[in-house]
Amino acid sequence: MKQTIVITGFMGCGKSKVARELARRLDVPMIDLDDQITARAGLTPAQLITAAGEPAFRAIETNTLREFLQTAEGGVIALGGGAWIEIANRYLFKQYGCLSIWLDAPFAVCWERISTSADDRPLGKTIEQAEARYNLRRPIYSLAQIHVPVTGAESVDQLVSRIEVHLERASTDYTDKN
Ligand code: S3P
């Protein structure tokens, strides 16, 4: 079975765009976890968090991931920004031998995108709230297998080319680390 690649990082780091381009180049499906949740629950992550609270959203997120990974045959998943933070999810990634990639963008770059985007992000409403969350999460993102520093000045193409170098250079090592 082909390996599933998960792309993680804070809100606004570029997960979905990078996942889409990486999947295109590898010729595998691209899966947006937030879209999967929306299809399953009939509400977006933002609507779920607002209506039912973050813990209820996290439970749905984990169930969606588990169901997906049980039947997945490879692909690139763009996670929501908090999915990697949950230990139950990281356990699932390990269990299913996923390869994890962290897009490590500075807070200022993420905030610029969060604050100018039309997307509703209830966990990133104010700069203070978002920055505190960013700082808390950073050490956990750093547990991902591949670290990709992002300055915000690169194109999606450049970022994906850098990821491909990592994938080619040590493809066998990564499965060992799981
Ligand atoms: C969240 C990030 C969002 C979405 C939800 C919660 C988070 O996804 O899953 O609003 O906890 O960081 P993006 O990272 O795609 O914005």
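The values are calculated or read from the model by the stated rules, or taken from the named source; none is laboratory data. Values in this document were obtained by computation on a predicted structure and should not be read as measured data. In this analysis, Cβ positions are derived from the backbone assuming ideal geometry, glycine residues included, and neighbour counts consider all displayed protein chains. For the accessible areas, the whole protein counts, side chains as well, though only heavy atoms, and no ligand, DNA or RNA atoms are used. Shrake-Rupley method; radii C 1.70, N 1.55, O 1.52, S 1.80 Å.
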Using alpha-carbon pairs under 8 Å, 6+ residues apart, how would you state the relative contact order of the chain in percent?
-> 33 percent
With every protein chain present, what is the per residue accessible area of the chain (1.4 Å probe, Å²)?
-> 50 Å²
Accessible-area ranking of Tyr91, Tyr96, largest first, probe 1.4 Å = Tyr91, Tyr96
Would you calculate, for the chain, the mean residue ellipticity at 222 nm contributed by helices, counting each DSSP H stretch of 4 or more residues as -39,500 (n - 2.57) and dividing by all residues, to the nearest 500?
-> -17500 deg cm²/dmol
If you take all C-alpha pairs in the chain, what percent of them are over 24 Å apart?
-> 32 percent
Starting from the amide H of Ile146, placed 1.01 Å from N in the peptide plane, find each other amide H under 5 Å away whose residue is 5 or more places distant or on another chain.
-> Ser100, Ile101, Trp102
Just in the range 1-105: which GluC sites (Glu not before Pro) are loop by DSSP and have at most 12 other Cβ atoms within 10 Å?
-> Glu73
Residues with amide H under 5 Å of Met30's amide H, sequence separation 5 or more or different chain, H placed in the peptide plane at 1.01 Å from N; which?
-> Val76
Working with all protein chains in place, sort Leu136, Leu92 by solvent-accessible area computed with a 1.4 Å probe, largest first.
-> Leu136, Leu92
Farthest positive-ward along the range 62-143 dipole, Cα basis, beta-carbon charges - from Ala105, Leu65, Tyr141 | Tyr141
Over the range 1-64, volume per residue of the alpha carbon convex hull, in Å³ | 99 Å³
Could you please state, rounded to a whole Å, how far the C-alpha centre of the range 22-74 is from the C-alpha centre of the range 137-168?
-> 21 Å
State the number of lysine pairs found in the chain whose Cα atoms come within less than 21 Å, restricting to pairs 8 or more positions apart or on distinct chains.
-> 6
Segment Glu131-Arg40, length gained on full extension (0.36 nm per residue, minus Cα span) | 29.8 nm
